[in-house]
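So the structure is just underneath, and the comments pick up after that.
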Amino acid sequence: MRQRAARNQQRLDSGAVTSPKDLENLQHEIVSLAKRQGDLEDVVLEIMERRESAQERARELAGRVESVEAKLADAATRRDNAVTELDQEVASITKEREVVSASVPVDLMKLYEKLRVQQGGVGAARLHQRRCEGCRLELNITEVNDVRAAAPDQVLRCENCGRILVRTPDSGL
């Protein structure tokens, strides 16, 4: 547009156009081209401003993404460390369980394993303040008296859930 406007202005200034009608058309075209050029420059400026704003927003979002990625990496590291600790704890407890289970009579171990499968992984429960920790129900007075009267090495089971009851000093007997 600029080249065309400059060329038309040069033709006008050179006097090559002599017809008044052609001169008027040429002047009108120069004015029209100048107006169109101004409109296009305004559009270009608006687009540049939007682009600048979009680039700033992109930089801001990129910073936020970096922050979130750093937090994610930190969380993954903590998770991996926790999993490692849990794996070590499982290995330790498994070894302890093997040692303890070797000292338990075979028939009691079979009963425990059977109950453990039936009860979703817990075959024995602690008796704590007259309450079975397996089913969370309190034993009635008759059951408590039966537990009190039982020999220390007698295997007792909860009347409610069927789990083996483990007596401790804080059983409430």
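Out of Asp87, Asp146, which single residue is within 41 Å of the chain's Cα centre (by Cα), surrounded by 10 or more Cβ atoms within 10 Å (Cβ to Cβ) and assigned to a helix (DSSP H, G or I)? Explain how you work it out, then say what you get.
Values: Asp146 fails: within 41 Å of the chain's Cα centre (by Cα).
So the residue among Asp87, Asp146 that is within 41 Å of the chain's Cα centre (by Cα), surrounded by 10 or more Cβ atoms within 10 Å (Cβ to Cβ) and assigned to a helix (DSSP H, G or I) is Asp87.
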Quiz item: List pairs: first in the stretch 116-139 and over 15 Å from Ser171 (Cβ atoms), second among the aromatic types (Phe, Trp, Tyr) and buried (at least 16 other Cβ atoms within 10 Å of the Cβ), Cβ under 9 Å, 6+ apart or cross-chain?
Solution: Gly123/Tyr112
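We did not get these values from a lab; they are worked out from the coordinates using the rules stated. Source: prediction; values computed, not measured. Cβ: placed from backbone, ideal geometry, glycine included. Neighbour counts: every protein chain shown.
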